[in-house]
Amino acid sequence: MLEVAYILVAIALIVCLVYLTITIQKAGRMIDETEKTIKTLSSDVDVTLHHTNELLVKVNVLVDDINVKVATIDPLFTAVADLSESVSDLNSQARVLSKKASSAGSKTLKTGAGLSALRFASKFFKK
């Protein structure tokens, strides 16, 4: 009976070893695939970083170009703002002058009417 127990223990030990061997092989294949994936990701990240650096260089050149062009245009906007202010001042002065002319015109009209009345009266009295 002891021999049967030894045989059963040996069989159980062999089954455990076979199962352990299969599990270790699967784990080894999984580690190999993980290594391949990490290598692929590393190369992809390197390529992406290279493209990103090229893009950043181009963006920096573009920003520098825009800054130069904006610096060139800034005096134009300042001149337009000054011109707008001058036109606004001119409009204000034109309104003031128009009011003065209108006021002077009505006084002239009254004076002209008075002179016409005097001429008429002088003609009437001369006769």
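The values are calculated or read from the model by the stated rules, or taken from the named source; none is laboratory data. Values in this document were obtained by computation on a predicted structure and should not be read as measured data. Glycine gets a Cβ as well: all are built from the backbone with ideal geometry, and neighbour counts include every protein chain shown. These accessible areas exclude ligands, DNA and RNA; they are computed on the full protein's heavy atoms, side chains included. Shrake-Rupley method; radii C 1.70, N 1.55, O 1.52, S 1.80 Å.
Quick one: 3J(HN,Hα) in Hz for region 40-50, Karplus 6.51/-1.76/1.60 with θ = phi - 60°, rounded, Gly and Pro as x.
Listing the rounded values in order: 4, 4, 4, 5, 5, 5, 4, 5, 4, 5, 4 Hz.
Of Met30, Met1, which has the most accessible area with a 1.4 Å probe, and how do the rest follow in descending order?
The ordering from most to least exposed comes out as Met1, Met30.
Tell me, what HN-Hα J-couplings in whole Hz come from the Karplus equation 6.51 cos²θ - 1.76 cosθ + 1.60 at θ = phi - 60° for each residue of region 63-68, using x for Gly and Pro?
Values per residue, Gly and Pro as x: 5, 4, 4, 5, 4, 5 Hz.
Can you pull the accessible area of Leu20 for me, 1.4 Å probe, Å² to the nearest 10?
Approximately 90 Å² of Leu20 is accessible to the 1.4 Å probe.
Per-residue HN-Hα couplings for region 18-26, Karplus 6.51 cos²θ - 1.76 cosθ + 1.60 at θ = phi - 60°, whole Hz, x for Gly and Pro?
Listing the rounded values in order: 5, 4, 5, 5, 4, 5, 5, 5, 5 Hz.
To the nearest 0.05, what FRET efficiency results for Val59 and Ser92 with a Förster distance of 41 Å applied to their C-beta separation?
Efficiency, rounded to the nearest 0.05: 0.30.
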